[in-house]
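Q: To start, I am sharing the structure in question, which I have written as structure tokens.
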Amino acid sequence: MGNFSFLKESEPRLIEGFVPTLPAFEKWTDEYLGANLDDMTGFVETAENSVFNPASPISDAVIDEKINPTEFTKKYRHNSRRKKKLYLAECPVNESLVDDIRLMELFSLIREYRQINSLEPLLYLGNGNNVTPMHWDDYENLYMVLDGEKHVDIIPNKYTNMIQPYTQDNQLLIEDMSNINYEKHPLMKDVEVLSFELKKGDMLFIPHAYWHSMKGGKKRNLAMSLWF
């Protein structure tokens, strides 16, 4: 199914060719997800500026507690015409979708190189240049693009102490990583920022505690994280 030996090294790595082998790559249309996802309560975000993540101080996003899967998969397509844009973030993959990602096989592949007890698959679905600000997670992350494109910026965790004046908890307080104001954030001049252009079918390994931000393409962008 694939060689995950890159997990031996805790460095970001782009892997091509694996994601298209998953049934989800072809099956997860909006119609299919709308019919097979469970309750979305707590996972749909709305934001006027397309910057998502309510935990981030630079986002105005809030959680929409009422929208259902069928409604979401219809409405988010029209983000360009909506005042409040919609984004599905960190939505657990439910039992009806697990076979589409061959979860147990993935668990076995990863466990060859890492001692893990669980594997948590999460969905992300957006449209219209949706942005997730720079942050770090307390997990290793295999990030798979099932549709569309994602631009990903990564800051290695060795810079965490250096950038601490610009952070709040696990969030970086810099709005635009592509146009950093170095007069306002002079320490960033000495920080290495790794950039990846992910296309449909690409997978990116993001090691534990590495800072990362995501920007989706103009059209539908569907991704899945495997946290372990």
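The values are calculated or read from the model by the stated rules, or taken from the named source; none is laboratory data. Quick caveat: nothing in here was measured; it's all calculated off a predicted structure. Here the Cβ is made from the backbone with ideal geometry for all residues, glycine too, and neighbour counts use every protein chain on show. These accessible areas exclude ligands, DNA and RNA; they are computed on the full protein's heavy atoms, side chains included. Shrake-Rupley method; radii C 1.70, N 1.55, O 1.52, S 1.80 Å.
Q: When you go through (1) in a helix (DSSP H, G or I); (2) of a type in the set (Ser, Thr, Tyr); (3) surrounded by 19 or more Cβ atoms within 10 Å (Cβ to Cβ) one by one for Ser108, which number turns out not to apply?
A: Checking Ser108 against (1) in a helix (DSSP H, G or I); (2) of a type in the set (Ser, Thr, Tyr); (3) surrounded by 19 or more Cβ atoms within 10 Å (Cβ to Cβ), the one that fails is (3).
Q: Sticking with this one: Is there a residue being aliphatic (A, V, I, L, M), over 26 Å from Leu172 (Cβ atoms), within 18 Å of the chain's Cα centre (by Cα) and in a helix (DSSP H, G or I) anywhere in the stretch 38-49?
A: Within the stretch 38-49, the subset aliphatic (A, V, I, L, M) is 40, 44, 47.
Still in the list and also over 26 Å from Leu172 (Cβ atoms): 40.
So of that shortlist, the ones also within 18 Å of the chain's Cα centre (by Cα) come out as 40.
Next, only the ones that are in a helix (DSSP H, G or I) stay: none.
No; the residues of the stretch 38-49 include none that is aliphatic (A, V, I, L, M), over 26 Å from Leu172 (Cβ atoms), within 18 Å of the chain's Cα centre (by Cα) and in a helix (DSSP H, G or I).
Q: Let me ask something else about it. Just the residues that are polar (S, T, N, Q), open to solvent by 60 Å² or more (accessible area, probe 1.4 Å) and either touching a residue at least 12 places away in the same chain (Cβ under 8 Å) or touching a Phe, Trp or Tyr at 6+ places or on another chain (Cβ under 7 Å) (or both), please, taken from the stretch 133-177.
A: Keep residues of the stretch 133-177 that are polar (S, T, N, Q), which gives 141, 157, 160-161, 164, 167-168, 170-171.
This time we only want the ones that are open to solvent by 60 Å² or more (accessible area, probe 1.4 Å), so: 157, 161, 164, 168.
Listed by number, the residues that qualify are Asn157, Gln168.
Q: Select, from Met144, Met177, Met134, Met162, the only residue that is modelled with pLDDT under 95 and either of a type in the set (A, V, I, L, M) or touching a Lys or Arg at 6+ places or on another chain (Cβ under 8 Å) (or both). Explain how you work it out, then say what you get.
A: Numbers: Met144 fails: modelled with pLDDT under 95; Met134 fails: modelled with pLDDT under 95; Met162 fails: modelled with pLDDT under 95.
On inspection, the qualifying residue turns out to be Met177.
Q: Does at least one position in the stretch 186-195 carry a residue that is open to solvent by less than 10 Å² (accessible area, probe 1.4 Å) and either in contact with a Pro (Cβ under 6 Å, 6 or more places away or on another chain) or more than 21 Å from Leu86 (Cβ to Cβ) (or both)?
A: Yes, the stretch 186-195 contains a residue that is open to solvent by less than 10 Å² (accessible area, probe 1.4 Å) and either in contact with a Pro (Cβ under 6 Å, 6 or more places away or on another chain) or more than 21 Å from Leu86 (Cβ to Cβ) (or both).
Q: What are the residues in the stretch 1-19 that are out of contact with any Pro (no Cβ under 6 Å at 6 or more places or on another chain) and open to solvent by 60 Å² or more (accessible area, probe 1.4 Å), if any?
A: Taking the stretch 1-19 and keeping what is out of contact with any Pro (no Cβ under 6 Å at 6 or more places or on another chain), we get 1-9, 11-19.
Answer for the stretch 1-19, where residues must be out of contact with any Pro (no Cβ under 6 Å at 6 or more places or on another chain) and open to solvent by 60 Å² or more (accessible area, probe 1.4 Å): Met1, Asn3, Lys8, Glu9, Glu11, Arg13, Leu14, Glu16.
Q: Looking at the stretch 111-228, what strands (runs of 3 or more DSSP E) fall wholly within it and have at least 2 residues that are in contact with a helix residue (DSSP H, G or I) (Cβ under 8 Å, 6 or more places away or on another chain)?
A: On the way: elements: 120-126, 131-135, 141-147, 150-155, 194-198, 203-206, 211-216, 221-227.
Output list reads 120-126, 141-147, 203-206, 221-227.
Q: Among the residues of the stretch 198-228, write down those that are out of contact with any strand residue (DSSP E or B) (no Cβ under 6 Å at 6 or more places or on another chain) and closer than 18 Å to Trp136 by Cα. Steps first, please.
A: Quick first cut of the stretch 198-228, residues out of contact with any strand residue (DSSP E or B) (no Cβ under 6 Å at 6 or more places or on another chain) only: 199, 201, 207-209, 217-219, 228.
If the condition is that a residue be out of contact with any strand residue (DSSP E or B) (no Cβ under 6 Å at 6 or more places or on another chain) and closer than 18 Å to Trp136 by Cα, then Pro207, His208, Ala209, Phe228 are the ones that fit.
Q: Would you mind stating whether Val98 is at pLDDT 95 or above, open to solvent by 10 Å² or more (accessible area, probe 1.4 Å) and farther than 30 Å from Asn3 by Cα? I'd like the intermediate steps shown before the answer.
A: Details: at pLDDT 95 or above: yes; open to solvent by 10 Å² or more (accessible area, probe 1.4 Å): yes; farther than 30 Å from Asn3 by Cα: no.
Criteria not met by Val98.
Q: Tell me, please, whether a residue that is in contact with a Pro (Cβ under 8 Å, 6 or more places away or on another chain) and without any contact (Cβ under 8 Å) to a residue 60 or more places away in the chain can be found in the stretch 70-90. Break it down into steps so the answer makes sense when it comes.
A: Our first condition is that a residue be in contact with a Pro (Cβ under 8 Å, 6 or more places away or on another chain); within the stretch 70-90, this holds for none.
No, the stretch 70-90 contains no residue that is in contact with a Pro (Cβ under 8 Å, 6 or more places away or on another chain) and without any contact (Cβ under 8 Å) to a residue 60 or more places away in the chain.
Q: Next question, about the same structure. Which residues, counting only those in the stretch 21-32, are surrounded by 14 or more Cβ atoms within 10 Å (Cβ to Cβ) and out of contact with any Leu (no Cβ under 7 Å at 6 or more places or on another chain)? Please lay out each step first, then the result.
A: If we filter the stretch 21-32 for residues that are surrounded by 14 or more Cβ atoms within 10 Å (Cβ to Cβ), which is where we start, we get 22, 24-25, 27-28, 30, 32.
Within the stretch 21-32, Leu22, Lys27, Asp30, Tyr32 qualify.
Q: Right, Thr70: over 19 Å from Met144 (Cα atoms), polar (S, T, N, Q) and open to solvent by 60 Å² or more (accessible area, probe 1.4 Å) or not?
A: Values: over 19 Å from Met144 (Cα atoms): yes; polar (S, T, N, Q): yes; open to solvent by 60 Å² or more (accessible area, probe 1.4 Å): yes.
Yes: the conditions hold for Thr70.
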